[in-house]
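The structure appears right after this line, and notes come after that.
The values are calculated or read from the model by the stated rules, or taken from the named source; none is laboratory data. These numbers come from a predicted model, not from an experiment. Neighbour counts run over all protein chains shown; Cβ positions are idealised from the backbone, glycine included.
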Amino acid sequence: MAARAYWQGQIRLALVSIPVEIHSATKSGASISFKQIHEPTGQPIHYEKVVPGVGPVDVGEIVKGYEVAKGEYVLLEQDEIDAVKLESKKTLELTQFVDQSEIDVLYYEKPYFVVPADDLAEEAFIVLREALRRSKKVGLGQLALRGREYVVSLKPCGRGMVLETLRYADEVNKAQNYFREIPDSKPDPELLDLATTLIDRKTAAFDPKEFHDRYVDALKDLVERKRKAHGEKIIEDKDTGGGRSGGNVVDLMAALKKSMEKGGAAAANDDKPVPEKKSTARKPAAKKPAAEPKSDPAPAKKPAARKRA
C-alpha cells in the first residue's frame, strides 16, 4: 500500500493543470539517542518549566513572546499566530524555468517525489516531464505547505518528477566571506595532471549503499559490549593517524606519485595487497646486474694490459 501523500493538488503550466501527489523522498537514518540519567538512582532526568524567582509554572500560563529589546517582549497568543499562517494552496504554478546549473547546490533543501494523482493525469504529467527533460530546464514556483511558503523547483526523475524546496537568499551565507583568503593562483601543471589522473582512476558509478554511518555502528557496538560487561568502563585508544600534526606539510609531488603507485596496484589487484609490497621490493634487485662490472668481459682485459707494462 502506497504511503499517504504529503500534499495533494495540481501543477499549473499556463492553462494546463495536472493533478499530482507529493511524497517525501527521504527518511530518517539510523541514529543513537541518549537520555540523561541520575547515576545514583538510575532514573531518567525530567525538566520543569520554571520562572526565576517564581519556580515551576503550569503549561497553561505559558505564551509565546518576541524580544524587541533586551528584556522587553511582545506577547502573542497562539490563535493570533495561526491567523497569520498561509493557507496551503492546492496549486503549484510554474512561473519560471531555468537551467539546473544556475541553481547553486546550497539552495536545495528537501526533496519530494511527484506522481500523477490518477490515470487521467498521466498523459499531461508525462508531457511536462519529457518537456523538462528535453529542454534541460527546471521549473520554479512557490507553494504554501503547513503554514509556510516555499520556493520550489521541479525536474524529471526517472518515470516521475522530483520537487525540491529551496532556501531563500537570506538563509544562505555568502561564499566569498569564507573563500576570500584563499590565494587566486594556478597550480603546477604536473601536479594538476597527477591529481587529475588519480581522480580518474578512482572514478566509479555512485552507489549510496557503499556508504554507511560508521559512528552509529561503533556506538551500537559500544552499547552491546557495555551491556555484556555489566557496566564496566570500556575505553579503547585508537590512533587513526588522521589528525593534524606539525609534520602535515609534505612534498605534494611525492605524495601524489605515491598515491598513484598505490592506486595503480589496487586497480590491478584489489584483493591482494601483499604482492604489491613484494613488487616494490624487487625494484632495487633488478638494478644490480647492470651495475656489476665482473660479469662484463670488457674490464677483464685491463689486468692483462697492466702485466705487459
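I need the full set of residues from region 44-71 which are in a loop (DSSP other than H, G, I, E, B) and exposed (fewer than 10 other Cβ atoms within 10 Å of the Cβ), in order please. Answer for region 44-71, where residues must be in a loop (DSSP other than H, G, I, E, B) and exposed (fewer than 10 other Cβ atoms within 10 Å of the Cβ): ILE45, HIS46, TYR47, GLU48, PRO52, GLY53, VAL54, ASP58, LYS70, GLY71. Scan region 65-87 for residues that are in contact with a strand residue (DSSP E or B) (Cβ under 9 Å, 6 or more places away or on another chain) and over 26 Å from GLN142 (Cβ atoms) and the total you get is 7.
Residue check: is THR41 exposed (fewer than 11 other Cβ atoms within 10 Å of the Cβ), among the hydroxyl-bearing types (Ser, Thr, Tyr) and in contact (Cβ under 8 Å) with a residue 60 or more places away in the chain?
Judged against the criteria, THR41 is not a match.
The rows are residues; the columns are (1) of a type in the set (S, T, N, Q); (2) modelled with pLDDT of 90 or more.
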site: ARG129; (1), (2): no, yes
site: SER135; (1), (2): yes, yes
site: VAL138; (1), (2): no, yes
site: GLN142; (1), (2): yes, yes
site: MET161; (1), (2): no, yes
site: THR165; (1), (2): yes, yes
site: ALA175; (1), (2): no, no
site: TYR178; (1), (2): no, no
site: ASP184; (1), (2): no, no
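Among all positions in region 1-15, there is at least one residue which is part of a strand (DSSP E or B), surrounded by 10 or more Cβ atoms within 10 Å (Cβ to Cβ), in contact with a Pro (Cβ under 8 Å, 6 or more places away or on another chain) and small (Gly, Ala, Ser).
GLU171 meets all of the listed conditions (1) at pLDDT below 90; (2) in contact with a helix residue (DSSP H, G or I) (Cβ under 9 Å, 6 or more places away or on another chain); (3) of a type in the set (D, E, K, R) but one, namely (1). Give me the residue from region 94-111 that is assigned to a loop (DSSP other than H, G, I, E, B) and among the aliphatic types (A, V, I, L, M) and, out of that set, nearest to the chain's Cα centre (by Cα). The qualifying residue nearest to the chain's Cα centre (by Cα) is ILE103.
Inspect all residues belonging to region 139-146 and state whether any of them is of a type in the set (D, E, K, R) and either over 21 Å from VAL20 (Cβ atoms) or in a strand (DSSP E or B) (or both). Write out each step before concluding.
Filtering region 139-146 for residues of a type in the set (D, E, K, R) gives 146.
This time we only want the ones that are either over 21 Å from VAL20 (Cβ atoms) or in a strand (DSSP E or B) (or both), so: none.
No.
Set side by side, the residues VAL114, VAL74 differ, and just one is touching a residue at least 60 places away in the same chain (Cβ under 8 Å), of a type in the set (A, V, I, L, M) and not in a loop (DSSP other than H, G, I, E, B), which is VAL114. Of all the numbered requirements in (1) among the aromatic types (Phe, Trp, Tyr); (2) under 30 Å from TYR215 (Cβ atoms); (3) more than 37 Å from the chain's Cα centre (by Cα), TYR73 misses one, and that requirement is (2). Taken over region 94-144, residues that are touching an Asp or Glu at 6+ places or on another chain (Cβ under 9 Å), surrounded by fewer than 13 Cβ atoms within 10 Å (Cβ to Cβ) and under 17 Å from ARG159 (Cβ atoms) amount to 0. When VAL105 is tested against (1) more than 30 Å from LEU219 (Cβ to Cβ); (2) at pLDDT 90 or above, only condition (1) is not met. Of all residues being of a type in the set (Gly, Ala, Ser) and exposed (fewer than 15 other Cβ atoms within 10 Å of the Cβ) in region 16-38, which is farthest from the chain's Cα centre (by Cα)? Just the residue, please. Once the filter is applied, the top-ranked residue is SER33.
Conditions tested, residue by residue: (1) within 30 Å of LEU128 (Cβ to Cβ); (2) at pLDDT 90 or above; (3) touching a Leu at 6+ places or on another chain (Cβ under 8 Å).
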{"site": "GLN8", "(1), (2), (3)": "yes, yes, no"}
{"site": "ILE11", "(1), (2), (3)": "yes, yes, yes"}
{"site": "PRO19", "(1), (2), (3)": "yes, yes, yes"}
{"site": "LYS27", "(1), (2), (3)": "yes, no, no"}
{"site": "PHE34", "(1), (2), (3)": "no, no, no"}
{"site": "HIS38", "(1), (2), (3)": "no, no, no"}
{"site": "ASP58", "(1), (2), (3)": "no, no, no"}
{"site": "GLU67", "(1), (2), (3)": "no, yes, no"}
{"site": "GLU72", "(1), (2), (3)": "no, yes, no"}
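Using the structure shown, decide if PHE125 is modelled with pLDDT of 95 or more, over 15 Å from GLN96 (Cβ atoms) and either among the hydroxyl-bearing types (Ser, Thr, Tyr) or not in a helix (DSSP H, G or I) (or both). So PHE125 does not fit the description; no. Within region 144-159, being in contact with a helix residue (DSSP H, G or I) (Cβ under 9 Å, 6 or more places away or on another chain), among the hydrophobic types (A, V, I, L, M, F, W, C) and at pLDDT below 90 holds for no residue.
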